[in-house]
Amino acid sequence: MKEDEKIRDKNRRAPQSGGGSREDVPHRTSIKAAREAQHSHRPKTTQPAGEAKKASRPAGERVNRPAGERATRPTGERASRPAGERASRPTRERATRPAARTAGQTEEGRTTRQTAEQKNEERKQTRIHPERETKSRSIHQKADSHGKKAEKKSGKKSGKKADEKKGKKKSNLIFNIILVVAIIVFCVSAFQLFNIFKGYHEGRSEYDKVRKLAVTTDKKKADKETGDGFQVNFEELLKMNPDTIGWIRFTPEPAQINYPIVQGQDNEKYLKTTFTANENTLGAIFLNVDNLSDYSDKNSIIYGHRMKDGSMFRHLQDYDSKSFWEKNPYFYIYTLDGRKLTYHIYSVGQVEDTSDTYLTSFESEEAYQSFLDMTKEVAMYDTGVEVTTEDKIVTLSTCTSASDEHRFVVRGVLEKEEQVKK
C-alpha cells in the first residue's frame, strides 16, 4: 500500500503541462493492472434476489468470543508486496453464521413482532391513570344516574300517557254526554218551533175562514171614508163564539189588523185561545174585562198579541213612525148594534204595564183631564189632535221587543159614530 501511495505522490508531483515526461504512463497502467488482478483473485459470492447481503443468523444469536479478545495482528506487521503490485491477501475470516432465513421465516418474525407490539400498545392503553379512572367512574356513574332519570322520565311519561288516556276517555265521555244533550235540546227546540209555526199556520187559516164567513163588501153601500161597503155578519159570528162584541179594522194600512173582538170573564182566557175556542198562541183580540162592551167608557182597552208572523197586533209597531201615522191616522170598530165607530189616533208611545195608561174609570173630570195630558206627554210625537174630557178614547195595547214589562200603545179618540146597519 505504501508503494501505491508513493506512486500516487509521484503522479501528483508530475508536471501537468504538455512538455512533461510520458514515463509516468506505464506506472499508472501497472497500478491499474495490479488492482484488477487483486480483485480477480477474490472469490465472488452471489446472493439470491431478496435475501440479506450479510449472512443471517438466528434471532438473538451472537458470535461468542472471550471478553476483551479481539482479532489482533502483530503491530507494524504488514504484508509486503513488490512495488507497483497490490498484495493479495486472503479474505478475512468472518464469524460463521447460519444460512440466510427463508421468506416464510422472515414473515413469521414480522408477524410475531407485530403481535408483540400490538399487545404492548393494548397494555399501554389499558394502563389508565388513576385520575382518568376516577373520571371514567364518574362518567359511568353519571351515565347510570342519567339512565335512572331517563327510566323515571319514561315512567312518568308512561304515567302521563295513561293519565292522558284516562283524561281522553273522560273528555270523550263528557263530549258524548254534551252531544246527546245538545241533540235532545235540538230535537226539543225543533219540535217547539214546529208547533209554533204550526200554530201560526192554523191560527191564520182559522181567521181567514172567519173573515170569509162574516165579512162582506157591498160597493153599492160603500161609504165615503172606506169606500168599500165593509159589513160584518155578527149573527154568524155569535154562532161561532157568543163572546163576540165587535170587529176592529185598519184601512188602508195596516190592513192585516182585521179581526173580531171578544170579551171574556177575565183577561187570561183569550191570551192563548182563538176566536173559535181553539188553543193557540195567537189568541184573540179581546176587550178589557172591566170595560163596557159598547165602548162607552172614558178609556176602553183592547189587547192583542204581537206575533212574529205579522198577525194580530204586530203592525201596531208601524205607528212609531210619524210618516206612517200621517198616511193612516184612523181605525174603525164595528159594533153588534150596527154602528161604525171612527177613531182618530192622537197618541203613540211605549209604556210600562203598570202605567196609568190602563186606567178605565176616573173620579172626576180633573182626574180624567190629567190622564189625557199624561197620554200626550208620553207620546213619541205630537199629532196635533185635540182631546177633551167630553171625549171617549180607545187604547190598543200589545207587547214590545224591549221587555215583558213594556207595552206599545196606540190611542184613538172617538171622532165619528154612524149607524151603518139596522
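Descriptive notes on the structure:
- Taking a point 7 Å out from the Cα of K327 in the direction of its Cβ, the residues of the range 245-263 whose backbone N falls within less than 12 Å of it are 252-255.
- Table column - 3J(HN,Hα) (Hz), the range 323-329, Karplus curve with 6.51, -1.76, 1.60, x for Gly and Pro: 4, 5, 4, 4, 7, 9, x
- Residue-by-residue Karplus 3J(HN,Hα) for the range 242-252, coefficients 6.51, -1.76, 1.60, Hz, glycine and proline x: x, 7, 5, 10, x, 9, 10, 8, 10, 8, x
- Counted by Cβ distance under 11 Å from N176, the other residues give a net charge of +2, where Lys and Arg count +1 and Asp and Glu count -1.
- For the range 202-419: span of alpha carbons on each principal axis (Å, largest first): 44, 39, 34
- Charge tally for E363 (other residues, Cβ to Cβ under 15 Å; Lys, Arg +1; Asp, Glu -1): -3.
- Theoretical FRET efficiency, 1/(1+(r/R0)^6), r = Cβ-Cβ of F186 and Q419, R0 41 Å, to 0.05: 0.10
- Zone residues, the range 247-269, relative to K209, backbone N less than 17 Å from point 7 Å out along Cα-to-Cβ: 260
- Computed about the Cα centre, the dipole magnitude for the range 202-419 is approximately 1100 debye when only Lys and Arg (+1) and Asp and Glu (-1) carry charge, each at its Cβ.
- Karplus-based coupling profile of the range 280-293, in residue order and whole Hz: 7, 5, 5, x, 8, 8, 9, 8, 3, 4, 8, 8, 7, 6, with θ = phi - 60° in 6.51 cos²θ - 1.76 cosθ + 1.60 and x standing for Gly or Pro.
- Selection from Y295, M307, S370 lying farthest towards where the dipole of the range 265-375 points positive, charges on Cβ: M307
- Net charge of neighbours whose Cβ lies under 9 Å from the Cβ of Y259, counting Lys and Arg as +1 and Asp and Glu as -1: +2
- Between T112 and T217, the distance separating the two model label sites (each 7 Å from Cα on the Cα→Cβ line) works out to 13.8 nm.
- Net charge dipole, the range 293-422: roughly 780 debye, given to the nearest 20, about the Cα centre with Cβ charges of +1 for Lys and Arg and -1 for Asp and Glu.
- Other-chain or far-sequence residues with amide H under 5 Å of V262's (modelled H): I245, I285, F286, L287
- Highest mean first, the peptides 386-392, 366-372, 408-414 sorted by other C-beta atoms within 10 Å per residue fall in the order 408-414, 366-372, 386-392.
- Nonlocal amide H pairs with K392, under 5 Å, H built at 1.01 Å: L414
- Computed packing ranks the peptides 353-362, 170-179, 267-276 as 267-276, 353-362, 170-179, most packed first, by mean other Cβ atoms within 10 Å.
- Cut-off under 5 Å, modelled amide H: who pairs with R339 long-range: V420
- Projecting label points 7 angstrom from Cα along Cα→Cβ for E202 and S403 puts them 3.4 nm apart.
- With each label modelled as a point 7 angstrom along the Cα→C-beta vector, the D391-S296 pair spans 2.2 nm.
Since every read-out is calculated from the coordinates, none of them should be taken as a lab result. Given the structure is predicted, the values throughout are model-derived calculations rather than measurements. We place every Cβ from the backbone using ideal geometry, glycine too, and count neighbours over all the protein chains shown.
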